[in-house]
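Trainee: Here's a structure for you.
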Amino acid sequence: EKILKETEVEIDIIDGKKEAAIISSTDLSSLIKSDSTYLYVDVGGGSTEFTLFSKGKIVNSKSFKIGTVRLINNTKAENKVIFKKVQQWIEENTEDYKRISLIGSGGNINKLFKMSGRELGKPISYIYLNAQYQFLKKMSYRERISELSLNPDRADVIIPATKIYLSAMKWSGARKIFVPKIGLSDGIIKSLYFNKL
């Protein structure tokens with residue numbers, strides 16, 4: 001309301017379902033195979049969106065207040081409670097599917113993918129991501145900046161982000177994560193473009 005009053009710019013707040021619909025309108029469809037199941041995980045600073053796709057369609061989606069900045073600022077007890085809720089949701093929604101792959105979205109997983117040296121379109125394995133997580137945790141904040149050339153605002157949040165992706169893989173049984181260079185912003189631009197035609 002304050003922004004609207006001062007700038008005349010109206011901001012639309014979207015929920016997890018709307019976000020899932022926007023994301024699915026992107027070129028994500030070229031990655032999602034019609035006979036496979038995927039858990040799309042979009043990690044942000046304040047929240048993380050989870051969307052389950054099966055046979056090319058959205059099965060369910062939910063947003064949790066478990067973003068990277070929140071994980072850093074919350075107490076261990078608070079994080080434990082929210083992680084338990086996420087675990088329950090993922091396990092309940094993926095238990096009927098035998099083989100699931102993750103699709104990761106967000107700046108942190110894009111950076112991790114770039115660091116892996118993988119070819120675009122090729123997935124990162126759970127084993128690799130876990131090894132990278134252990135490696136990053138052993139380094140200090142300053143070492144992550146100086147030795148890995150991470151931006152200061154990336155060097156602190158990359159560890160909690162990696163933990164979220166690893167947890168989602170563990171609870172869903174996924175052994176690999178795909179990292180397409182598309183996300184919510186792409187879907188919004190595409191939606192705005194087609195709505196104006």
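Trainee: Taking 27 Å as the cut-off for C-alpha to C-alpha distance, list the pairs among Lys2/Lys65; Lys57/Lys190; Lys65/Lys111; Lys62/Lys138 that go past it.
Mentor: From the list (Lys2/Lys65; Lys57/Lys190; Lys65/Lys111; Lys62/Lys138), the Cα-Cα distance tops 27 Å for Lys62/Lys138.
Trainee: Still on this structure, please answer the following. Grab the beta carbon distance between Glu147 and Tyr97, set R0 = 35 Å, and tell me the FRET efficiency rounded to 0.05.
Mentor: 0.35
Trainee: Please work out the average accessible area per residue across the chain, using the 1.4 Å probe convention, and give it in Å².
Mentor: Averaged over the residues of the chain, the accessible area is 61 Å².
Trainee: Something else about it: So between Met139 and Lys65, what do we pick up on full extension, going 0.36 nm a residue minus the alpha carbon distance?
Mentor: Once the chain is fully extended between Met139 and Lys65, it gains 24.0 nm.
Trainee: Based only on Cα atoms, what mean projected area does the convex hull of the stretch 88-197 have, in nm²?
Mentor: Mean shadow area of the hull around the Cα atoms is 8.9 nm².
Trainee: Take the residue pairs Lys85/Lys114; Lys98/Lys176; Lys18/Lys176 and return only those whose Cα atoms are more than 24 Å apart.
Mentor: As for pairs spanning more than 24 Å Cα to Cα, those are Lys85/Lys114; Lys18/Lys176.
Trainee: Could you work out how much longer the chain between Lys2 and Ser125 gets when fully extended? Use 0.36 nm per residue separation minus the Cα distance between them, nm to one decimal.
Mentor: 39.8 nm
Trainee: May I pose another question? Run the helix sum for the chain: -39,500 (n - 2.57) per DSSP H stretch of 4+ residues, divided by residue count, reported at 222 nm to the nearest 500 deg cm²/dmol.
Mentor: -15000 deg cm²/dmol
Trainee: Next question. Rounded, prolate or oblate for the chain? Axes are the square roots of the Cα gyration tensor eigenvalues, ordered a ≥ b ≥ c, and the cut-off for rounded is a/c under 1.5.
Mentor: Note, shape of the chain comes out rounded.
Trainee: Hey, another quick one. Using 0.36 nm times the number of residues separating Ser36 and Tyr193, minus their current alpha carbon distance, what extension gain do you get?
Mentor: That pair, Ser36 and Tyr193, stretches by 53.6 nm at full extension.
Trainee: Using θ = phi - 60° and the Karplus relation 6.51 cos²θ - 1.76 cosθ + 1.60, list the HN-Hα couplings for the stretch 135-141 in order, rounded to whole Hz, with x at every Gly or Pro.
Mentor: Coupling constants for the stretch 135-141: 5, 5, 5, 6, 8, 7, 4 Hz.
Trainee: Within the chain, what whole-number % of the accessible surface is contributed by carbon and sulfur, with the 1.4 Å probe and all protein chains included in the calculation?
Mentor: 50 percent
Trainee: Could I ask something else about it? For the stretch 78-197, what is the charge dipole size about the Cα centre, in debye to the nearest 20, if Lys and Arg each add +1 at the Cβ and Asp and Glu each add -1 at the Cβ?
Mentor: Taking the Cα centre of the stretch 78-197 as origin, the dipole is about 240 debye.
Trainee: Let me check against my output: what whole-number percent is the relative contact order of the chain, with C-alpha pairs under 8 Å and at least 6 apart?
Mentor: With pairs under 8 Å counted, the relative contact order is 27 percent.
Trainee: Find the Rg to Rh ratio for the stretch 70-117, where Rh is the Kirkwood radius over alpha-carbon pairs and Rg uses the same atoms.
Mentor: Answer for the stretch 70-117: 1.08.
The values are calculated or read from the model by the stated rules, or taken from the named source; none is laboratory data. Here the structure is a predicted model, which is why all the values come from computation and not from measurement. Positions of Cβ are generated from backbone atoms using ideal geometry, with glycine treated the same way; all protein chains shown enter the neighbour counts. Please note that ligands, DNA and RNA were not included when accessible areas were found on the heavy atoms of the full protein model with its side chains. Shrake-Rupley method; radii C 1.70, N 1.55, O 1.52, S 1.80 Å.
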